[in-house]
Number of protein chains: 2
Amino acid sequence: MVKLDFTKSDDGLIPAIAQDYKTGEVLMLAYINEESWAETLKSGCATYWTRSRRKLWKKGESSGNIQEIKEILVDCDDDTVVFKVNQIGNAACHTGHRTCFFRKLEDGELVEVGEKVFNPEDIYK
Amino acid sequence: MVKLDFTKSDDGLIPAIAQDYKTGEVLMLAYINEESWAETLKSGCATYWTRSRRKLWKKGESSGNIQEIKEILVDCDDDTVVFKVNQIGNAACHTGHRTCFFRKLEDGELVEVGEKVFNPEDIYK
């Protein structure tokens with residue numbers, strides 16, 4: 001297994017950027033530890049570590065919107081990765097938007113620009 | 001100034017993803033604190049906080065490869081940003097590659113796939 005450098009932060013986490021493998025859109029950023037890295041490689045589905053719930057988190061385990069890994073890129077310092085993914089359900093964000101980055105800074109304010117794909121109330125029951 | 005949530009990590013840093021505004025290529029990930037966020041907005045050039053040197057870091061201050069901000073996206077939790085940038089000099093990585101993510105995982109090994117734009121020895125003297 002390719003070794004990443006999990007020593008840079010006290011909690012042993014490094015950021016993983018999920019990017020749509022077709023459009024190049026940045027969908028979300030989450031964190032991985034050694035266990036989630038191993039699980040991602042083994043399962044072929046993006047698996048993170050949630051800092052709030054403090055557990056392994058297979059993206060899409062509640063919503064069904066899993067992320068199939070198409071390609072993995074590793075940065076020059078071995079402490080950040082890009083997961084190029086096929087986003088099932090076309091939405092990565094728990095708010096129902098296609099990407100977590102659905103707000104753009106315009107004239108000092110945040111303006112919603114991203115597409116809303118589903119209603120969270122229909123999904124998280 | 002748009003408020004971001006710098007409280008999620010002990011060191012008051014959040015990740016900023018630099019993405020080429022034309023190609024969508026992810027160029028690098030670095031960290032910002034409140035001061036670098038303010039400086040980025042004021043100057044229009046991506047300004048990070050280096051964890052190793054522990055200081056404000058205007059990207060390109062040594063190499064000349066600054067990042068002109070074209071657009072800023074903020075995520076649903078206010079704790080990650082995407083800087084869509086015009087990468088001056090066509091290379092973001094200190095190794096001389098266009099992107100820090102110049103290695104791809106293939107059959108369990110990292111293979112160099114990214115373009116090398118300059119020789120670091122010519123730049124960092």
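Some values worked out for this structure:
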{"item": "Qualifying position, being among the basic types (K, R), surrounded by 15 or more Cβ atoms within 10 Å (Cβ to Cβ) and at pLDDT 95 or above, among A:K104, A:K55", "result": "A:K104"}
{"item": "Test: A:V26 is under 29 Å from B:S52 (Cα atoms) and crowded, with 19+ Cβ neighbours inside 10 Å", "result": "yes"}
{"item": "Filtered residues of region A:2-45 (kept if more than 9 Å from chain B (Cβ to nearest Cβ), among the β-branched types (V, I, T) and in contact with a Phe, Trp or Tyr (Cβ under 7 Å, 6 or more places away or on another chain))", "result": "A:I14, A:I32"}
{"item": "Candidate set from region B:74-101 (those that are outside any loop (DSSP other than H, G, I, E, B) and facing chain A (nearest Cβ under 7 Å)); member that is farthest from the chain's Cα centre (by Cα)", "result": "B:V74"}
{"item": "Test: residue in region A:54-70 that is within 8 Å of another protein chain (Cβ to nearest Cβ) and not in a strand (DSSP E or B)", "result": "no"}
{"item": "In region A:27-46, the residues that are of a type in the set (F, W, Y) and either outside any helix (DSSP H, G or I) or at pLDDT below 95 (or both)", "result": "A:Y31"}
{"item": "Among residues of region B:58-75, those that are loosely packed, with under 15 Cβ neighbours inside 10 Å and free of Cβ contacts under 8 Å to residues at least 60 places away in the same chain, counted", "result": "4"}
{"item": "The lone exception for B:K104 - which of (1) facing another protein chain (nearest Cβ under 7 Å); (2) farther than 17 Å from A:K84 by Cβ it fails", "result": "(2)"}
{"item": "Test: residue in region B:80-87 that is under 21 Å from A:V113 (Cα atoms) and in contact with a Ser or Thr (Cβ under 8 Å, 6 or more places away or on another chain)", "result": "yes"}
{"item": "Subset of region A:13-56 that is among the β-branched types (V, I, T) and without any contact (Cβ under 8 Å) to a residue 60 or more places away in the chain - its residue that is farthest from B:L13 (Cα to Cα)", "result": "A:T23"}
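The values are calculated or read from the model by the stated rules, or taken from the named source; none is laboratory data. Values in this document were obtained by computation on a predicted structure and should not be read as measured data. Note that each Cβ is placed from the backbone with ideal geometry, even for glycine, and that neighbours are counted across all protein chains shown.
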